[in-house]
Amino acid sequence: MKTIILHGGASHRSELSKILEKYAKEAIEENSALDAVVKAVVLMEDDPEFNAGTGSNMRLDGSIQMDAAVMIPGDFGGVINIEEVKNPVLVARDVMLKSPHMLLAGDGAVNFARKMGYPTYDPSTEKARERREKVLQKLKSGEIPEYYHPQFFREFLGDTVGAVARFDGEFAAAVSTGGTSLTLRGRVGDSPIIGSGIYCGSRGAVVATGIGEEIMRRMLSIRIYERIGEAPLQKICREEIEKFGSIPVGVIAITAEEECAMSNLAMPYAQVTR
Ligand code: ASP
């Protein structure tokens, strides 16, 4: 039996769940849990609606830096602040499977991607440009608080993508993001940090979305994972999300017997079993 869960980001339009269901149905046809979560994330990275791959948020300076990661029990691969590639999640998978490393950052990640055969690609979209422009205007006019104010992150969060899967007891997780808009160049969120935005082990897989700084502070994914078996999965996720108060956060999680997609604000998601 195979099950996959996809999410399209905390604070994103829940109507997008329909599109995610289509992607989940396509991804579940893959032969392994890892291939399925990677396929699901590629589909979302290629859809400019989401803040990952094409359609990624721009940094304050107008550049696009993306983070992505994949994890299976006992292994992990991730890229941090990668630029000018179409599918960061594919590079993350190559880091895990084809390099001796677990994480590559910045120009090292870009060089590795080129060596692996990924050509230069511009992931920017008109929507991302408009979004950045709007934020800069609001900042200038004083309509939104100064850059480091927590409300700033809340207002401009969003649309990161992730997937977890269980294929006959085999687990995998994948995540990809353009980061919160707008942030400083070089900022790293929770997504590519093991135990924060992603975790996968022999008991299940967890992926988080929301304000990366807060998720890292609480190491949300490993916290949920470590509690597997202690109570129903829904209860564990609810309790961990409640600890965030009004700070936007969402998770998808899967164990040997349970599944959960939960957030404290709108989050599109889809779950498919076959
Ligand atoms: N967690 C992501 C980050 O902070 C953003 C998101 O989930 O939308 O980079």
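Where a number appears in this text, it was derived from the coordinates with a stated rule and is not lab data. None of these values were measured; they are calculated from a predicted model. Neighbour counts are summed over all protein chains in view; Cβ atoms, including those assigned to glycine, are modelled from backbone coordinates with ideal geometry.
What the table shows:
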quantity: GNM result for the chain, Cα springs below 10 Å: residue of ALA24, ALA165, ALA173 fluctuating most strongly; calculated: ALA24
quantity: Cα shape, segment 199-242, gyration tensor, a/c 1.5 rule; calculated: oblate
quantity: Inter-centroid distance (Cα atoms) of segment 1-68 relative to segment 210-227, Å; calculated: 20 Å
quantity: DSSP beta bridge pairing in segment 1-107, given as percent antiparallel to the nearest 5; calculated: 65 percent
quantity: Label-reachable residues, segment 169-208, where backbone N falls under 17 Å from a point 7 Å from LYS235's Cα toward its Cβ; calculated: none
quantity: Proximal lysine pairs, the chain, alpha carbons under 19 Å, eight or more residues apart or interchain; calculated: 14
quantity: When the convex hull of its Cα atoms is projected in every direction, mean area for the chain (nm²); calculated: 12.8 nm²
quantity: Anisotropy class of segment 54-140 from Cα gyration tensor, a/c 1.5 cut; calculated: prolate
quantity: Under 12 Å from the MET1 label point (7 Å along Cα→beta-carbon), backbone N, segment 223-264; calculated: 255-259
